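The values are calculated or read from the model by the stated rules, or taken from the named source; none is laboratory data. Treat the numbers as computed from the prediction; the structure is a model and nothing was measured. Glycine gets a Cβ as well: all are built from the backbone with ideal geometry, and neighbour counts include every protein chain shown. Remember, those area values only see protein heavy atoms, side chains included, never the ligands or the DNA or RNA. Shrake-Rupley method; radii C 1.70, N 1.55, O 1.52, S 1.80 Å.
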Amino acid sequence: MGMPITPATATHESSSNGTAEAILLELVDENGKTIGTAEKLSAHQPPGLLHRAFSVFLFDEQGRLLLQQRALGKYHSPGVWSNTCCGHPYPGEAPFAAAARRTYEELGVSPSLLAEAGTVRYNHPDPESGLVEQEYNHLFVGMTQSPLAPDPEEVGDTAYVTPAELAERHAKDPFSAWFMTVLDAARPAVRELTGPSAGW
């Protein structure tokens, strides 16, 4: 998890005098304590700056995981499959709030349940883009019960998968560099949420 959420050239809002506001990430130490901010693209340039991120795993009532395929217009990992939603909190924004906000912005759904599932810290270089993911990632698991309304700028496709279907898809389709790391870290919470019959 931990992909940038908009193209490098995009901004939150352009102010009235036409200047663009850079997207800032929250930099953290190895314990997840905030130590500053950095502009998003610079934080992902090698060797990367450790920053706060979040990853969401939503499941339907049958215990299937909602995957999203990242839109082809993304500058980082375009067109690859990944977990339901991931991104970066704004500086000072609670990870839980960021996770709920981005899930709604990207997929048009509000989780019917969202629970914290721990954190994972990783360093994943992305050979395609040359960018590096140095992330302190807050994990969330939850349920969704409403129809999706994905934003085509963000999401190319979606799929609900069983563990067997995921394994099959993972063998043939490109997935984000961080996907298995975040899924494995979230697994204990996923099993608790979905129950033993779902097979996670």
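Okay, here's what the table says:
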read-out	value
Shape of the stretch 120-166, Cα gyration tensor, a/c cut at 1.5	prolate
Around A164: net Lys/Arg minus Asp/Glu count, Cβ-Cβ under 14 Å	+1
Reach of K74 by Cα under 18 Å, taken over lysines that are not fewer than 8 positions away in the same chain	K40
Chain lengthening between E168 and R187 when straightened (0.36 nm per residue, less Cα-Cα)	5.0 nm
Whole-Hz ³J(HN,Hα) from phi, Karplus 6.51 cos²θ - 1.76 cosθ + 1.60, for the stretch 64-77, glycine and proline x	8, 7, 7, 9, 10, 9, 5, 4, 5, x, 5, 7, 10, 6
Solvent-accessible surface (1.4 angstrom probe) belonging to S110, in square angstrom, nearest 10	70
Under Karplus coefficients 6.51, -1.76 and 1.60, residue-wise ³J(HN,Hα) of the stretch 36-52 in Hz, glycine/proline x	x, 9, 8, 5, 4, 5, 5, 5, 9, 7, x, x, x, 10, 5, 9, 7
Accessible area per residue in Å² at 1.4 Å probe, computed on the chain	45
Three-way shape label, the stretch 94-138, alpha-carbon gyration tensor, a/c 1.5	oblate
Given charges at beta-carbon only (K, R positive; D, E negative), |dipole| of the chain in Debye	280
Share of carbon and sulfur in the accessible heavy-atom surface of the chain [1.4 Å probe, %]	54
Computed Kirkwood radius, in angstrom, where 1/r is averaged over Cα pairs of the stretch 17-105	14.7
DSSP bridge orientation in the chain - percent antiparallel, rounded to nearest 5	75
Of Q69, G87, L113, farthest towards positive along the dipole that unit charges on Lys, Arg, Asp, Glu beta carbons give the stretch 55-117	Q69
Reference-scaled alpha-carbon Rg (2.2 N^0.38 Å with N residues) for the chain	0.98
Sequence of L50, L72, L67 when ordered by accessible area, the most exposed leading, probe 1.4 angstrom	L72, L50, L67
Accessible area in the full protein assembly, largest first, 1.4 Å probe, for D184, D126	D184, D126
Solvent-accessible ranking of F96, F57, largest area first, probe 1.4 Å	F96, F57
Value of [θ]222 nm, deg cm²/dmol, for the chain, DSSP H segments ≥ 4, -39500 (n - 2.57) each, nearest 500	-6500 deg cm²/dmol
Pairs of Cα atoms farther than 20 Å apart, the stretch 102-197, %	50
Percent RCO, i.e. relative contact order, over the chain, from Cα pairs under 8 Å lying at least 6 residues apart	25
